[in-house]
Amino acid sequence: MIELVLPWPPSVNRYWRSVVIHRAPRVLISADGRKFREEVATIVKESGIPKQTGALSIKCILYCPDWRARDIDNLGKALFDSLVHAGAIDGDEFICLAVTEKRHSEDKVGRVVVQIRKLTEGVEVKPSGAWLN
């Protein structure tokens with residue numbers, strides 16, 4: 001199992017931004033999203049973990065910085081895309097099982113503990129992704 005402690009990610013609402021380039025609307029990763037991706041890339045590089053390939057299970061433990069209402073599904077996109085960008089995992093299409101826990105951070109510092117495990121039994125891996133059998 002690989003375990004990483006990552007900073008608090010931007011929600012999916014802050015991860016993307018809409019812009020118009022040459023009269024064509026486009027959706028790009030926001031400044032907050034790019035900053036988060038780079039922070040994750042630095043942590044992954046410094047940890048020295050090898051890229052995790054094949055079918056994967058990911059557990060994310062969200063330590064929320066405050067008691068505001070939060071939807072746990074709003075943070076997964078930034079987390080998974082950043083892990084791919086950082087070279088920690090091949091692609092989020094290889095995640096077969098994802099579990100998310102939401103907890104309150106006693107020290108009021110938001111962070112995410114990510115645990116990545118390789119799945120070897122009961123899975124089917126194709127170039128297009130991985131599936132549980």
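Accessible area per residue was computed with a 1.4 Å probe on protein heavy atoms; LEU4 scores about 10 Å². Per residue, the chain exposes 60 Å² of accessible surface when a 1.4 Å probe is rolled over the protein heavy atoms with every protein chain present. Between SER128 and ARG34, the contour length at 0.36 nm per residue exceeds the alpha carbon distance by 31.2 nm. Ranking ILE29, VAL109, VAL19 by Cα position along the charge dipole of the chain, where only Lys, Arg, Asp and Glu carry charges on their C-beta atoms, puts VAL19 farthest toward the positive end. Normalised size of the range 81-124, defined as Cα radius of gyration per 2.2 N^0.38 Å with N residues, equals 1.46. 3J(HN,Hα) along the range 77-87, derived from phi through the Karplus expression 6.51 cos²θ - 1.76 cosθ + 1.60 where θ = phi - 60°, amounts to 4, 4, 4, 5, 4, 5, 5, 5, 4, 7, x Hz, with x in place of Gly and Pro.
Restricting the GluC sites (Glu not before Pro) of the range 42-133 to loop positions (DSSP other than H, G, I, E, B) with no more than 10 neighbouring Cβ atoms within 10 Å leaves GLU106, GLU121. Heavy-atom accessible area, probed at 1.4 angstrom with all protein chains present, ranks LYS108, LYS45, LYS59 as LYS45, LYS108, LYS59, highest first. Between ASN13 and SER47, the contour length at 0.36 nm per residue exceeds the alpha carbon distance by 9.3 nm.
Computed from backbone phi, the HN-Hα couplings of the range 93-100 come to 6, 9, 7, 9, 9, 10, 10, 10 Hz, rounded to whole numbers (Karplus: 6.51 cos²θ - 1.76 cosθ + 1.60, θ = phi - 60°; Gly and Pro given as x). In a simple Cβ point-charge model (Lys, Arg +1; Asp, Glu -1; nothing else charged), the range 11-133 has a dipole of about 400 debye relative to its Cα centre.
For LEU119, the residues 5 or more places off, or on other chains, whose built amide H falls under 5 Å of its own are ALA55, LEU56, SER57. Give the percent of DSSP beta bridges with both residues in the chain that are antiparallel, rounded to the nearest 5. If I count the DSSP bridges inside the chain, around 70 percent turn out antiparallel. Rounded to the nearest 500, the helix-only mean residue ellipticity at 222 nm of the chain stands at -7000 deg cm²/dmol, with each DSSP H run of n ≥ 4 adding -39,500 (n - 2.57).
The values are calculated or read from the model by the stated rules, or taken from the named source; none is laboratory data. The structure presented is a predicted model; accordingly, all values stated were derived computationally and were not measured. Virtual Cβ from ideal backbone geometry, glycine too; neighbours counted across all protein chains shown. The accessibility values were calculated without ligands, DNA or RNA, using every heavy atom of the protein model including side chains. Shrake-Rupley method; radii C 1.70, N 1.55, O 1.52, S 1.80 Å.
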